[in-house]
Amino acid sequence: MSVPAGYASLTADVGALGYRFGAGSDFDSVISSGFPGEGYQRTDMDGFTHFFCTGNAEDAFNWNPLDDRGKIDGDMGQGASRGPIFTTRGQIISANSHYESEDDARENDDLFGSEHGDEAVAVIDEINA
């Protein structure tokens with residue numbers, strides 16, 4: 001799709017991350033980014049400061065083929081949702097979604113996001129058609 005006359009391309013002007021959909025959920029050295037208002041065993045997150053978590057992404061429940069969530073170790077909490085999870089090459093593989101809690105208490109530092117599989121590839125292909 002080309003940019004209409006008289007308009008600028010946002011990506012060309014400010015940059016953008018690419019994406020890597022349909023490649024599974026296991027990746028070495030990923031980065032999760034967000035503006036969390038709270039975190040797992042953290043008191044310094046205020047919702048205004050940009051935080052990052054780094055580590056490996058893996059299939060959260062590889063024993064369940066119907067569960068397409070991936071997970072990383074990340075202490076960011078509420079407010080980090082929808083922030084990107086991306087490779088060190090700048091390719092988005094997922095987005096921060098949720099963490100495990102019971103009785104409103106966070107259980108661990110696992111941070112979950114959906115694997116962007118074949119359905120996401122189909123959406124991108126349709127948009128680019």
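Of everything listed in (1) under 29 Å from S2 (Cβ atoms); (2) not in a strand (DSSP E or B), the single unmet condition for Q78 is (1). Assessment of the stretch 103-116 against the conditions (buried (at least 20 other Cβ atoms within 10 Å of the Cβ), within 30 Å of S2 (Cα to Cα) and not charged (D, E, K, R)) yields at least one matching residue.
Exactly one residue among T54, T11 is surrounded by fewer than 17 Cβ atoms within 10 Å (Cβ to Cβ), among the hydroxyl-bearing types (S, T, Y), at pLDDT below 90 and outside any loop (DSSP other than H, G, I, E, B), and that residue is T11.
In the stretch 2-19, the residues that are within 21 Å of S94 (Cα to Cα) and touching a residue at least 60 places away in the same chain (Cβ under 8 Å) never reach a residue that is among the acidic types (D, E) and part of a loop (DSSP other than H, G, I, E, B) with C-beta atoms less than 6 angstrom apart, at least six apart or across chains. For the stretch 69-86, a residue qualifies if it is touching a strand residue (DSSP E or B) at 6+ places or on another chain (Cβ under 6 Å), of a type outside the set (A, V, I, L, M, F, W, C) and surrounded by 13 or more Cβ atoms within 10 Å (Cβ to Cβ), and the qualifying residues are R69, G70, K71, D73, G74, D75, G77, G83, P84.
If you check D46, D75 for being among the charged types (D, E, K, R) and out of contact with any Lys or Arg (no Cβ under 7 Å at 6 or more places or on another chain), only one passes: D46.
For beta carbons closer than 6 Å, sequence separation of 6+ or different chains, a first residue in the stretch 110-129 that is assigned to a helix (DSSP H, G or I) and a second that is buried (at least 18 other Cβ atoms within 10 Å of the Cβ), the qualifying pairs are A120/F21; V121/F21.
If we keep just the residues of the stretch 87-102 that are over 12 Å from the mean Cα position of the chain (by Cα) and surrounded by fewer than 17 Cβ atoms within 10 Å (Cβ to Cβ), which is nearest to F27 (Cα to Cα)? Filtering the stretch 87-102 for residues that are over 12 Å from the mean Cα position of the chain (by Cα) and surrounded by fewer than 17 Cβ atoms within 10 Å (Cβ to Cβ), the one nearest to F27 (Cα to Cα) comes out as T88.
The values are calculated or read from the model by the stated rules, or taken from the named source; none is laboratory data. The shown structure was predicted, so the numbers you read here are calculated from the model rather than taken from an experiment. Here the Cβ is made from the backbone with ideal geometry for all residues, glycine too, and neighbour counts use every protein chain on show.
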